[in-house]
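Inspection log for the structure reproduced underneath, given as structure tokens.
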Amino acid sequence: MTQASRRDKTVKRHRRARKKVSGNTDRPRLAVHRSNKHISAQIINDDDSKTIVAVASYSKEFKGLIKGTDKAGAEAIGKAIAEKAKAEGLSKVVFDCGGNLYHGRVQALADAARKAGLEF
């Protein structure tokens, strides 16, 4: 029997969480993806399978301004996603940490989004 890798465990947690967490028109899902180099967030309406708003540390608007590998970069992404959501008329979302532990950069992004006005 082989040991499960860290990625395997993350995927398993994400699949388990997605059985319960779903976004709709009233409360879309704020999905966070974290890699070793970058962090990104999307607000998704699962009923229509549409991405409403998306922000990533590798996008042109953040090129050279932030790093996706630190908490400050995650906070900038959280603030940006909240501002774009407000512009779209969204204030309430369901948080989906993507199978990642709610710690470090994921927590920093969530806290910054809450501080900027998103409710979850």
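When the helices in the chain are scored as -39500 (n - 2.57) per DSSP H run of 4 or longer and the sum is shared across all residues, what 222 nm value do you end up with, to the nearest 500 deg cm²/dmol?
Calculated at 222 nm, the ellipticity per residue is -11000 deg cm²/dmol.
Peptide packing: for 55-62, 71-78, the average count of neighbouring Cβ atoms within 10 Å per residue gives the ranking 71-78, 55-62, highest mean first. Cross-link partners for LYS67 among the aspartates and glutamates, with Cα-Cα distance under 17 Å and sequence neighbours closer than 8 places in the same chain left out: GLU75.
Take the cross-link list LYS50/LYS84; LYS37/LYS63; LYS86/LYS115; LYS20/LYS50; LYS60/LYS92; LYS50/LYS86 and give me the ones stretching past 21 Å between alpha-carbons. Kindly include the intermediate steps, with their values, before the conclusion.
Details: LYS50/LYS84 15 Å; LYS37/LYS63 13 Å; LYS86/LYS115 13 Å; LYS20/LYS50 19 Å; LYS60/LYS92 27 Å; LYS50/LYS86 17 Å.
LYS60/LYS92, as the Cα separations exceed 21 Å there.
So for ASP46, ASP111, fewest C-beta neighbours within 10 Å to most, what's the order?
Details: ASP46 17, ASP111 14.
Ascending number of Cβ neighbours within 10 Å: ASP111, ASP46.
Can you tell which of GLY98, GLY89, GLY68 shows the greatest fluctuation in a Gaussian network model of the chain with Cα springs below 10 Å? Sorting by GNM fluctuation, first place goes to GLY89.
Give the Debye-formula value of log10 I(q)/I(0) at each listed q (0.19 Å⁻¹), with one equal scatterer per alpha carbon of the chain, two decimals each. The calculated log intensity ratios at q = 0.19 Å⁻¹ are -0.99.
Each reported figure results from applying straightforward, stated rules to the coordinates on display, with no laboratory input. None of these values were measured; they are calculated from a predicted model. Note: ideal-geometry Cβ built from the backbone for every residue, glycine included; neighbour counts use all protein chains shown.
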